[in-house]
Amino acid sequence: PPTDTGARPRVSIRRLAAYEPAAVDRALHALLEPLGGMRAFVAPGARVVLKPNLLMPSAPERAICTHPEIIRAVARLARKAGAARVDVTDSPGMGTAIRCARRLGLRDDDLLTVQDAGDGTDVAPPGAPFHRVRLIARLLDADLVINLAKAKTHGQMVMTGAVKNSFGAVVGLEKAQWHFRAGRNPEDFARLLVHLHSVVAPRLSILDAVVGMEGNGPSAGEARPLGFLAASTDAHALDAVLARLWSLAPHRVPTLAAARRLGLLPAGDAIETVGAPLDDLRPRPAWRLARPTPLRGF
């Protein structure tokens, strides 16, 4: 099993200044070493599904979507660890996963296959105060889901990281319905996101924070270098570290506040960070947040 599944979650952090493929490969290999390496997650012959942030068809330099070089590098590592198949899927807010991937320059080859969301499967999240939600079946059926999030601000949830990325598992127009039904109250919507994340259950989350988005994210902000990758088996801990770098207390980030109330987020000093020191990665000047946007309007 991975090495950081004890009471104290571990977040690994590695510097990465640009998306040059060889540099991405080196940084990713070093990033996963403290977590046991990719072989700690990928069993020989496994069907691996990568869940990036494919919000809408956009060019990589706009920092709206997970960068294609990160997606390809993770696929390479998974294949090297013995994966029989690596699929990439998401249910974008606009367009389809295949259209988003093509706009990023990411195409099918012998390394990976991009798959659209399909019709989905109805799931009732255990313990959640919601009747059901329709999720991408391929994510639910995978041997391993790897969550490939993008570091961005968010007009409703303050920031979007590893846990918010799970909302992309909701199929098609149901996203808008859930934004309205659960989003009338940010606390309810955040709780929905936490429960959805527990259903998607990625065993590994990797954050693309080489270039993030500040200002009016998740799609209308500005790209700005952050210069690192981060990874953990605990998505809540990973998001807490990003919040700390952006000088956000957990109670200011609705998904972190919901995770804390549900007993899923330990205190900050209980999260172990390895690799690049956080103080060296803190953006200066401070990261600009999005203007608050009412969820009903969104």
So, in segment 114-135, of the ones that are assigned to a loop (DSSP other than H, G, I, E, B) and in contact with a His (Cβ under 9 Å, 6 or more places away or on another chain), which residue ends up surrounded by the most Cβ atoms within 10 Å (Cβ to Cβ)?
PRO125
Between a first residue in segment 160-188 that is over 21 Å from ALA149 (Cα atoms) and of a type outside the set (Phe, Trp, Tyr) and a second residue that is surrounded by fewer than 19 Cβ atoms within 10 Å (Cβ to Cβ) and modelled with pLDDT of 80 or more, which pairs have beta carbons less than 8 Å apart while being 6 or more apart in sequence or on different chains?
ALA182/ASP188
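So in segment 278-292, with the set limited to residues that are in a loop (DSSP other than H, G, I, E, B) and surrounded by 14 or more Cβ atoms within 10 Å (Cβ to Cβ), which one is modelled with the lowest pLDDT?
As a first pass, look at segment 278-292 and keep what is in a loop (DSSP other than H, G, I, E, B): 282-292.
Going one step further and asking which of them are surrounded by 14 or more Cβ atoms within 10 Å (Cβ to Cβ), we end up with 282-283, 287-290.
Details: ARG282: 97, PRO283: 97, TRP287: 98, ARG288: 98, LEU289: 97, ALA290: 94.
Only one residue tops the list, namely ALA290.
For segment 136-233, give me every one of the strands (runs of 3 or more DSSP E) that falls completely inside it and has 3 or more residues that are within 12 Å of the chain's Cα centre (by Cα) and within 30 Å of GLU33 (Cα to Cα). Give the derivation first.
Details: elements: 144-154, 158-160, 204-214, 222-232.
Filter on segment 136-233 gives 144-154, 204-214, 222-232.
Every residue, every condition in (1) under 24 Å from ALA30 (Cα atoms); (2) surrounded by fewer than 19 Cβ atoms within 10 Å (Cβ to Cβ); (3) touching a Phe, Trp or Tyr at 6+ places or on another chain (Cβ under 8 Å), yes or no:
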residue: LEU238; (1), (2), (3): yes, no, no
residue: VAL241; (1), (2), (3): yes, no, no
residue: ALA259; (1), (2), (3): no, no, no
residue: ALA270; (1), (2), (3): yes, yes, no
residue: ALA276; (1), (2), (3): yes, yes, yes
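The values are calculated or read from the model by the stated rules, or taken from the named source; none is laboratory data. Because the structure is predicted, anything quoted here is derived from the model rather than measured. Ideal geometry is used to build each Cβ from the backbone, glycine not excepted, and the neighbour counts take in all protein chains shown.
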